[in-house]
Structures are given as C-alpha cells and as structure tokens.
C-alpha cells in the first residue's frame, strides 16, 4: 500500500469520525434546547398550545420537543424557535454523552503513521 493510499484511507476514516461527532453534537444541542424550552414553558406557566403559537408550530410537535423527541427537528429549526421567543441558543463545550475513545484511537493512528 502506498503512502498516498494510506493517507486517503486515513482521511476517509477521519471523515466518518467527524460526521459521527458532528451528529452527536447536533443531537446533544437539540436535547439541550428542548430542555431549555421545557424550563421556559414552566417558568411562564403556559400551555403547549400557547407555546406552539408563540414559536409558530403545532401542539403535537411542541409535545415532541418538550418530551425530548427531537430527532425530527433540525438544529436550525430549533434555533429558529428560540428566536421567536427571544431566547439565545448558546453552545457550550463539554464532553459528549456516550462518547467512545474513537478520537484517542484516531490520534494514535496519526502518530503511528507519522512515526513510520
């Protein structure tokens, strides 16, 4: 196997790892926004119907969000809902839930390839 083929293989593996990590970040961000909505709704003591009207959605979709079922929503859509009720969607760096040691393994592979 030539160095170029090894590098291409490594790039493909990195792309797969990056996609997985980005997807995990998006899922965690969506869950965090859903929890923020739940807290906001509770603070203002409003019904799901009123909350739905405020964010421009339907009550069943609001129910899904408030119960953590956010897979059918893009992060952009959830951030748009935040904007409608004047909430800031802040992103904090923190360890991902259920994160495997894929990054560590990848770093070790790069170090081994560079040493060779």
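Bear in mind that the values in this text are calculations on the coordinates, not laboratory data. Just so it is clear, the model here is predicted, and its values are computed rather than measured. FYI the Cβ positions are ideal-geometry reconstructions off the backbone, even for glycines, and counts take in every protein chain you see.
General remarks:
- Projected label distance in nm at residue 59 and residue 22, using a 7 Å step from Cα toward the beta-carbon: 3.8 nm
- Order of 15, 63 under a 10 Å beta carbon neighbour criterion, fewest first: 15, 63
- Calculated FRET value between residue 87 and residue 5, using beta carbons and R₀ = 41 Å, to 0.05: 0.25
- Here the gap between residue 75 and residue 113, fully extended at 0.36 nm per residue and compared with their Cα-Cα distance, gives a gain of 10.0 nm.
- Burial ordering of 54, 78, 10, fewest other beta-carbon atoms within 10 Å first: 10, 54, 78
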